[in-house]
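One structure is given below, encoded as structure tokens.
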Amino acid sequence: MHDDRKGTQRERLIDGMLEAAAREGYAGASIAHVIKRAGVSRPTFYDYFSDKDDCFQAALSELTDRLLDEARREVRRVSGEHALRATLQVLLTFVHAEPETARVLINDSMAGGPRALDIRDHSVTQLVQIVEEAEAGLGAETVTPDISPAAALGGIYRMLAPRLRRGQSENLTLLEDLLAWIESYAERRGAQRWRALEPTPLPATSVPNPPPIRFPAKSPPAAPRRRRDAKGESDRLRILDAVANIAEKKGYNAATIAEICKTAGVDSRVFYRHFTDKQRAFAAANELYYQQTMAVSASAFISGGSWPERIWNSARVSAQYLEENRNLAHVVFVETHAGGAETVKRVEDGLMAFTLFLQEGHEYAREREIAVPPRTALEAIALASFEMGYRELRSSANPRLTEYVAQVTWLSLAPFLGVAEANEFIAGKVSEARRDA
């Protein structure tokens, strides 16, 4: 009886966390909110959970288990070649039926620190495993989407996150567009190249102006008045570098202003001269990265050549820039949601700006009498590409983002050129890059 009571109280606390996070978001879901909704005392909370994050992670795990159970049931009902479609349908149906709890799993999980991100990633990985197990026995002539399920499903998670925050209810309509998008990669399994996220090594390339950011190594000595502006900018850049380094090593939530100042070699007065709080410094790091990345990508894109060549060039120099500025890349790819609404909006707006590079592809699709992909497909391409960068930055101590340029180019070109022409183009560019190295 005692164990039954504990189980019931734990379940009430998890439900209380889900309600609090759905109403207040991760940052606003305090223990006080949780115990009020659960109807238990604070000491009882600590009988089951060490802190707020422990409870939040338990809630995420429960949501993940529910989603995965439904995906397994649905995939068992269909033939293997339709496994990815069925999994996507389960995900969109879940979001449509339970938008508040879906927002906690898909959006708020990205703000809850490294362990919450692990659970978010686990949910994507397990969905991928369900798809791959269903497809395992398919023959070489069976046609399925030649697209990484991890990139596709992770990118769709990212597509759903802002819609859930805004309370949009278009998710079942969105399903039709997304199904059409993944079908644009359809190919015989015996001829597929891109289903697994396997790297394609490329030699290093040069990054056009502006060059990668170079942070000052030491605080300069006291400067005359005419040099104070330069010293101020040097201090600001060192603070941003410290923010990025600490966020990569410990996560945004664990970073403190005291540690940022120590790492940057400045005192707190200098910090507050530039930023009102940690969140503003984090937002500035995101802004700096965004400006630089957009500049190098746009410079490569407008450098000339056909549209597919400009897509390839832009993807290649962007990946090179990310490798050369890994700490800032980590801030944007991994820690964005932890920094609050301002940083999330900046990155999401930036990703939508990158879809402008894809719009020229519509003319190529019309010339080849291929159905012009909906705007949703452009968004899905950008976010699936982002998901690949995120996974590499989270999983590797020495991320090699340039090794996924071919994958990103495939995602970008196949819906507009068709699978055969896109594959031929990428093979040619990879051979050319290696020959010219």
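The values are calculated or read from the model by the stated rules, or taken from the named source; none is laboratory data. Being a predicted model, the structure only gives us computed values, none of them experimental. Backbone-built Cβ (ideal geometry, glycine too); neighbour counts: all protein chains shown.
Say we look at the range 60-80 and pick out the residues that are surrounded by 15 or more Cβ atoms within 10 Å (Cβ to Cβ) and of a type in the set (V, I, T); which of these is farthest from the chain's Cα centre (by Cα)? If we take residues in the range 60-80 being surrounded by 15 or more Cβ atoms within 10 Å (Cβ to Cβ) and of a type in the set (V, I, T), then V75 is farthest from the chain's Cα centre (by Cα). Among the residues of the range 89-142, write down those that are outside any helix (DSSP H, G or I), under 16 Å from T64 (Cβ atoms) and among the acidic types (D, E). Result: E98, single match. Of all residues in the range 8-50, those satisfying the criterion of being free of Cβ contacts under 8 Å to residues at least 24 places away in the same chain and over 24 Å from L117 (Cβ atoms) are T8, E11, A32, I35, K36, R37, S41, R42, P43, Y46. Of all the residues in the range 21-39, those that are surrounded by 15 or more Cβ atoms within 10 Å (Cβ to Cβ), small (G, A, S) and within 29 Å of the chain's Cα centre (by Cα) number 5.
Within the range 270-278, can one find any residue that is among the aliphatic types (A, V, I, L, M), part of a helix (DSSP H, G or I) and either under 19 Å from the mean Cα position of the chain (by Cα) or in the same structural domain as P415 (by TED's automatic domain parsing) (or both)? Within the range 270-278, one or more residues are among the aliphatic types (A, V, I, L, M), part of a helix (DSSP H, G or I) and either under 19 Å from the mean Cα position of the chain (by Cα) or in the same structural domain as P415 (by TED's automatic domain parsing) (or both). Taking the listed residues P203, P208, P220, the one that is modelled with pLDDT under 65, closer than 30 Å to A285 by Cα and not assigned by TED's automatic domain parsing to the domain that holds F386 is P220, with no other qualifying. Taken as a whole, the range 338-354 holds no residue that is modelled with pLDDT of 90 or more and in the same structural domain as N398 (by TED's automatic domain parsing).
Quick one: count up the residues across the range 391-421 that are touching a helix residue (DSSP H, G or I) at 6+ places or on another chain (Cβ under 8 Å) and without any contact (Cβ under 8 Å) to a residue 24 or more places away in the chain. Selection size over the range 391-421: 1.
Here the helices (runs of 4 or more DSSP H) wholly within the range 362-437 that include at least 2 residues being charged (D, E, K, R), on the phi < 0 side of the Ramachandran plot and surrounded by fewer than 22 Cβ atoms within 10 Å (Cβ to Cβ) are 375-395, 419-436.
In the range 235-260, what residues are of a type in the set (S, T, Y) and part of a helix (DSSP H, G or I)? Scanning the range 235-260 gives a single hit, Y252. Counting residues in the range 81-98 that are of a type in the set (S, T, Y), closer than 30 Å to Y252 by Cβ and either buried (at least 20 other Cβ atoms within 10 Å of the Cβ) or not assigned by TED's automatic domain parsing to the domain that holds Y26 (or both) gives zero.
In this structure, L322 qualifies as closer than 22 Å to M110 by Cα, modelled with pLDDT of 85 or more and under 21 Å from the mean Cα position of the chain (by Cα). In a residue-by-residue description of the range 121-136, the property of being over 14 Å from the mean Cα position of the chain (by Cα), closer than 28 Å to G339 by Cβ, crowded, with 21+ Cβ neighbours inside 10 Å and of a type outside the set (S, T, Y) applies to at least one position.
Every residue in the range 279-296 that is under 17 Å from T336 (Cα atoms), in contact with a Ser or Thr (Cβ under 9 Å, 6 or more places away or on another chain) and buried (at least 18 other Cβ atoms within 10 Å of the Cβ), please. Those that are under 17 Å from T336 (Cα atoms), in contact with a Ser or Thr (Cβ under 9 Å, 6 or more places away or on another chain) and buried (at least 18 other Cβ atoms within 10 Å of the Cβ): F282, A283, A285, N286, T293. Within the range 40-59, identify whether any single residue is surrounded by 15 or more Cβ atoms within 10 Å (Cβ to Cβ) and under 30 Å from T173 (Cβ atoms), and answer yes or no. For the range 40-59, residues surrounded by 15 or more Cβ atoms within 10 Å (Cβ to Cβ) and under 30 Å from T173 (Cβ atoms): present. When you scan the range 341-359, do you find a residue that is in contact with a Lys or Arg (Cβ under 9 Å, 6 or more places away or on another chain) and over 29 Å from R165 (Cβ atoms), even just one? Within the range 341-359 (the criterion being in contact with a Lys or Arg (Cβ under 9 Å, 6 or more places away or on another chain) and over 29 Å from R165 (Cβ atoms)), the answer is no, since none of the residues qualifies. R346 passes all but one of (1) more than 17 Å from F386 (Cα to Cα); (2) among the basic types (K, R); (3) in contact (Cβ under 8 Å) with a residue 40 or more places away in the chain; which number fails? Of the numbered conditions (1) more than 17 Å from F386 (Cα to Cα); (2) among the basic types (K, R); (3) in contact (Cβ under 8 Å) with a residue 40 or more places away in the chain, the odd one out for R346 is (1). Residues that are touching a residue at least 60 places away in the same chain (Cβ under 8 Å) and either charged (D, E, K, R) or surrounded by fewer than 21 Cβ atoms within 10 Å (Cβ to Cβ) (or both) were ranked within the range 137-158; the one that is farthest from A86 (Cα to Cα) is R158.
Which one of these does D54 not meet: (1) farther than 21 Å from A136 by Cβ; (2) free of Cβ contacts under 8 Å to residues at least 12 places away in the same chain; (3) of a type in the set (D, E, K, R); (4) touching a helix residue (DSSP H, G or I) at 6+ places or on another chain (Cβ under 8 Å)? Condition (4) is where D54 drops out. The single residue among A186, A191, A150, A161 that is touching a helix residue (DSSP H, G or I) at 6+ places or on another chain (Cβ under 6 Å), outside the structural domain of V334 (by TED's automatic domain parsing), modelled with pLDDT of 95 or more and not acidic (D, E) turns out to be A150.
The numbered conditions (1) more than 28 Å from A22 (Cβ to Cβ); (2) within 19 Å of the chain's Cα centre (by Cα); (3) among the hydroxyl-bearing types (S, T, Y) are all true for S184 except (2).
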